[in-house]
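Trainee: Just passing along the structure, written as structure tokens.
Readers should treat all values here as calculations from the given coordinates under stated rules, not as data from a laboratory. Quick caveat, the model's predicted, so the values are computed rather than measured. Here Cβ is always computed from backbone atoms with ideal geometry, including for glycine, and neighbour counts include all displayed protein chains.
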Amino acid sequence: MQKGNIGVTTENIFPIIKKFLYSDHEIFLRELVSNAVDATQKLKTLASKGEFKGELGDLTIHVSLDKDTITISDRGLGMTAEEIEKYINQIAFSGANDFLAKYKDDANAIIGHFGLGFYSAFMVAKRVEIVTRSYKEDAQPMKWTCDGSPEFTLEGTEKEGRGTDIILYIDDDCREFLEEARLSSLLRKYCHFLPIPVAFGKKKEWKDGKQVDTEEDNVINDTTPLWTRKPSELKDEDYKAFYRDLYPMSDEPLFWIHLNVDYPFNLTGILYFPRIKSNIDLQKNKIQLYCNQVYVTDSVEGIVPDFLTLLHGVIDSPDIPLNVSRSYLQSDSNVKKISTYISKKVSDRLQSIFKNDRKDFESKWDDLKIFIHYGMLTEEDFYDKANKFALLKDTDSKYYTYEEYQNLIKGEQTDKDGNLVYLYANNAEEQYSYIEAAKNKGYNVLLMDGQLDVALISLLERKMEKSRFTRVDSDVIDRLIAKEDARTTDLEADKREMLATVFRSQLPKVDKVEFNVEAQGLGENVAPILITQSEYMRRMKEMARIQPGMSFYGEMPDMFNVVINVDNKLVKEVLNNSETECAADLTPLNLSLADLNKRHEELHKAQEGKKAEEIPTADKDALEEVEKKMADEKAKKESILSTYAGGNKVVRQLVDLALLQNNMLKGEALNNFIKRSLEMIG
Ligand code: ADP
């Protein structure tokens, strides 16, 4: 029997392995099973070259559990005593501590760097045995034992067949790995697609009311996963079945892209566009990264473009350096090429579905758009491609490309300054009446109700020349798109002011809400009162909600424009009625106001252009006095009109209806409205 020290410079690497790789203990299984796979594949290669002439036989790798041990057995090429000495005992381990300190959170980097694959066994085992017999004729079977100190023993042993058994005596604090369910789920995670069959126990069946083992090996992996096969041999059903295998809980995917390149880098994979039911489904880390069918990670940030991390599927590439830190990864030129390639593949594929089956593309658009918009917002190159197939959907559920839409609205929706005005709604139900008004006017209204639409609108405004987006309820219809022949109203200013005062008096006082009331002619078929909110203000507030530095806007009250339509029959009646009803009270006030106005004008003129110290105090006081009186009279007027309006059910009803239409009539006010309505009917 030979005894010796493992060739490391550090006194004892095992505590280090344990300590630093703590969080990733479970990868020991991946490391040991993939070593077994490697050994098996090497033997197959030797056989194909004629260097191994024996029977390959059943090459299944077996993972088995005992009370205190996990054993991984392969029928690969095995090791001779010299090979154990060379490959197991001599571990290069220079500058270990520095490196470990630097990458302590990245087990993959450490393991890759040191070729520590095999030694990861000591993360979970207090003692490890290798029982191995080389494929070489007359090779002496060997047993290597190590208990976690740098000392090992190596001795001759008995072993029936060719290959290697790795026996792990599991540490007391790692006994979780001895549970069948735990090991089984780890095998699924790390070994699901390994290219050599891996068996874990026997297949089970129900017998006499309980599960019993059958004779058949329970093979846990699919050795030729879909991405390794030729796309030409595969049917849609195969892709769907593979998706179900990967994500048993998900709905059927929208479609998929089979990636397959071997130059200038090697990469295969399948990316799926998932069907998103809600935001909760929208998750990163759904793409799995493999290296020659060995599972590596489900965190692909830096490898695929950010917007595609929302996709599902697998990527397999031996050219992605795994044993480096994430930050390094992003500057790696191969990785950059891979990322660009994937992005291009995705846009090509979308483009081709759009071209070849527009109907299908349209039917999937609503599910698809979040990915496409995210890509357009984050990747310049993707935007340049996607703007040819990205769609706009209108409120009649018709779809247009950007170019088609431009042509559609060019005629009607260009304003007097030559800007193309895109009208949109973000809630077809709530903005129904505004949408109808716009349609009646011959305008088209887009439906922009996606999560990223606010950001998309700003992007499109930046990208498209002389174009502007305006929500359909951001102004009265005549002013939404300013035209040369804008409607003017010939109703006198004082009558308009009177109407505004009457209706203003009945608007509710709401915290942080301001109403700006004006009377305008909007046409006789338009509603009596319209409430709008300016596009600019609303956007500022929306942005304040998502951008921290803009809270100033968030603090500002919501400002609404309330337009009283003087052309509407009901409003005309209110005007006539209020004029007659209030005449007795208002006439003296109006006369007095007319006098005051005249006086004010005279005084003002006399003082105009003079410096403050040149004006006699008496004159200043006189002006002040007049102004005060005017304010008093106006207040009286307002109070008269307000009392009148308060007793006028029509006014109150019209105000409430306008509020109701904008979802602003709530609580007590809503209750009062209903009561009043019932009275009026009854
Ligand atoms: P790596 O696999 O990165 O080379 P490891 O530490 O995992 O590093 O393994 C070191 C070497 O030990 C392997 O390269 C291989 O030569 C040998 N080895 C490990 N496991 C086996 C096995 N099951 N059968 C044959 N050789 C093995």
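Trainee: Tell me the net charge near residue 416. Cut-off is 11 Å between Cβ atoms, residue 416 excluded, with +1 for each Lys or Arg and -1 for each Asp or Glu.
Mentor: That works out to -3.
Trainee: Average the reciprocal distances over every distinct pair of alpha-carbons in the stretch 226-358, invert the result, and give the Kirkwood radius in Å.
Mentor: Evaluated on the stretch 226-358, it is 15.3 Å.
Trainee: May I ask for the longest run of the chain untouched by GluC sites (Glu not before Pro) that are loop-located per DSSP and have at most 10 neighbouring C-beta atoms (other than their own) within 10 Å?
Mentor: The segment 161-428 is the longest one with no such site.
Trainee: Convert 20 °C to kelvin, take the viscosity as 1.002 mPa s, use the Kirkwood radius over C-alpha pairs of the chain as Rh, and evaluate the Stokes-Einstein diffusion coefficient in µm²/s, rounded to a whole number.
Mentor: Result for D is 66 µm²/s.
Trainee: Excluding same-chain residues fewer than 8 positions from residue 207, which lysines have a Cα within less than 27 Å of its Cα?
Mentor: Answer for residue 207, where 27 Å is the Cα cut-off: 67, listed by chain and number.
Trainee: From the Cα gyration tensor of the stretch 391-480, with a ≥ b ≥ c the square roots of its eigenvalues, which class applies: rounded if a/c is under 1.5, or else prolate if a/b is larger than b/c, or else oblate?
Mentor: Rounded shape, in that the Cα axes give a/c under 1.5.
Trainee: Right, something else. Apply the membrane-span-like helix rule to the chain: whole DSSP H runs, Cα extent along the own long axis of at least 20 Å, mean Kyte-Doolittle hydropathy at least 0.0. List the helices found.
Mentor: 27-48
Trainee: Using only the alpha carbons, work out the radius of gyration and Dmax of the stretch 296-397 in angstrom.
Mentor: Looking at the stretch 296-397, its Cα Rg and Dmax stand at 15.4, 53 Å.
Trainee: Let me ask something else. Give a quick list of trypsin sites (Lys or Arg not before Pro) in the stretch 183-247 that DSSP marks as loop, anything other than H, G, I, E or B, with at most 13 other Cβ atoms within 10 Å.
Mentor: 235
Trainee: Between residue 202 and residue 518, with labels modelled 7 Å along Cα→Cβ, what's the label distance in nm to one decimal, could you check?
Mentor: Placing both labels 7 Å along Cα→Cβ, they lie 8.8 nm apart.
Trainee: While we're looking at this one, here's another question. Among DSSP beta bridges lying fully in the chain, give the percent that are antiparallel, nearest 5.
Mentor: Counting only bridges with both partners in the chain, antiparallel ones make up about 70 percent.
Trainee: Does the stretch 363-419 come out rounded, prolate or oblate, given a ≥ b ≥ c as the square roots of the eigenvalues of its C-alpha gyration tensor, rounded meaning a/c under 1.5 and, failing that, prolate meaning a/b above b/c?
Mentor: Judged from the Cα gyration tensor, the stretch 363-419 comes out oblate (a/c at least 1.5, b/c at or above a/b).
Trainee: Quick one, can you get me the convex hull of the C-alpha atoms of the stretch 184-276 expressed as volume per residue in Å³?
Mentor: 149
Trainee: Same structure, new question: Nearest 500 deg cm²/dmol is fine: what mean residue ellipticity at 222 nm does the chain get from its DSSP H runs of n ≥ 4 alone, each adding -39,500 (n - 2.57), divided by its residue count?
Mentor: My calculation for the chain gives -13500 deg cm²/dmol from helical runs alone.
Trainee: Hey, what's the Kirkwood Rh for the stretch 115-179 if you take every pair of different alpha carbons, in angstrom?
Mentor: After inverting the pairwise mean of 1/r, the radius is 12.8 Å.
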